[in-house]
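Shown next, in C-alpha cells, is the structure this report addresses.
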Amino acid sequence: MEKDLGTPLPNWKIPCRPKKEFITGNYCQLEPLNVAQHANDLWHAYTGDNKAHIWDYLPYGPFNNCSEFEDFLKTRAQSNEDIFYAIVLCESQQAVGHIAYSRIQPNAGSIEIAHVCFSPLLQKTTAATQAIYLLIDHCFSLGYRRCEWKCNSLNQASKNAAQRLGFTYEGRFRQAVVVKGRNRDTDWYSIIDGEWPALKTAFQQWLDPSNFKELQQKKNLSFFIRQLT
C-alpha cells in the first residue's frame, strides 16, 4: 500500500501578497492606514473608551497623548510585514477602528487577521462584522487557502467573535509569548478555502439590508451559518 503523504495540490499556485488598497463594503470601507488622514479620527474614537479596555489584550497601548499615538500609527503604516487598515464608516466617513493582515505567508497560502481594535463607535455594529468579512473574502479571492484568527486565551470576547464568524477552534499554544510583562496562552482559529463559499453566502445573507429593521437584525449570523454549513 502506498504511503499517504498528503493531498496532492496539482493546481496550487502561490498567491501574491495583498496590496495596500481600498476594500469597500456598503457599511464600511477598509483604507490603508494613513496617519494624516486617520490619526485624529482614531484618537478621538479610541479615547471614547474611558477605561481603555480596547488595549487590554493588544501588545501596545494605551497611549498617553495623541502625539505618542501618532508615532505608533506611523510605524504600523510603514510596516513591510503587516498591512494595517483603518476602518471607515461609509455614512460618516469617520475612522473608528483599525485591523491588519499579519503573518502573511504566500508559500503556505496562509494569512492572519490581527490587530483587531474596535472603538466604542464600531463595537457590536453591522460595520464591525462587515470589516472582518471584507478581509476574509479578500484573502480567499487572492488565492489563499487559510485565514487565521488568534487571540489571548483569556480574551473571551475575541473567542466568542471567532466562533460567531465561523472560524474553527484548532487548539491552544501554551506560554506562546510574553505581552506587557505577562504570560499569554494563544488560542488558534481558522477558516479554510473549502469552507468559505458557504460561509460567504451566510455573511451576505446576514449583511443584506432586508435582514435589518431600524438597525436591528432580524436573524443573527449564526442562524445563516447553521443553515448553510
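Find the strands (runs of 3 or more DSSP E) located wholly in region 134-211 whose residues include 3 or more that are touching a residue at least 40 places away in the same chain (Cβ under 8 Å) and under 30 Å from P62 (Cα atoms), and list them.
Result: 146-152, 182-192.
Anything in region 170-219 that is among the polar types (S, T, N, Q) and exposed (fewer than 12 other Cβ atoms within 10 Å of the Cβ)? List them, or say none.
Passing the criteria: Q175, S210, Q216.
When you scan region 40-63, do you find a residue that is in contact (Cβ under 8 Å) with a residue 60 or more places away in the chain, of a type outside the set (A, V, I, L, M, F, W, C), in a loop (DSSP other than H, G, I, E, B) and over 25 Å from I136 (Cβ atoms), even just one?
Yes - at least one qualifying residue is present in region 40-63.
Return a yes/no flag: does region 87-108 have any residue that is surrounded by 14 or more Cβ atoms within 10 Å (Cβ to Cβ), touching a helix residue (DSSP H, G or I) at 6+ places or on another chain (Cβ under 9 Å), small (G, A, S) and part of a helix (DSSP H, G or I).
no
Could you tell me whether any residue of region 132-143 is within 15 Å of E195 (Cα to Cα) and surrounded by fewer than 17 Cβ atoms within 10 Å (Cβ to Cβ)?
Looking for residues that are within 15 Å of E195 (Cα to Cα) and surrounded by fewer than 17 Cβ atoms within 10 Å (Cβ to Cβ), one finds at least one in region 132-143, hence yes.
All but one of (1) among the hydroxyl-bearing types (S, T, Y); (2) surrounded by 13 or more Cβ atoms within 10 Å (Cβ to Cβ); (3) at pLDDT below 95 hold for T229; state the number of the condition that does not hold.
(2)
Residue under question is T7, and the condition is that it be surrounded by fewer than 19 Cβ atoms within 10 Å (Cβ to Cβ), farther than 22 Å from L122 by Cα and β-branched (V, I, T); does it hold?
yes
Does S141 fit the bill of being within 15 Å of the chain's Cα centre (by Cα) and among the hydroxyl-bearing types (S, T, Y)?
So S141 does not fit the description; no.
List the residue pairs whose Cβ atoms are under 7 Å apart, where the first residue sits in region 98-112 and is farther than 12 Å from C16 by Cβ, the second is charged (D, E, K, R) and not in a strand (DSSP E or B), and the two are 6 or more positions apart or on different chains.
Qualifying pairs under 7 Å: A100/D82; Y101/D82; S102/D82; S110/R145.
The values are calculated or read from the model by the stated rules, or taken from the named source; none is laboratory data. All values derive from a computational prediction rather than experimental measurement. In this analysis, Cβ positions are derived from the backbone assuming ideal geometry, glycine residues included, and neighbour counts consider all displayed protein chains.
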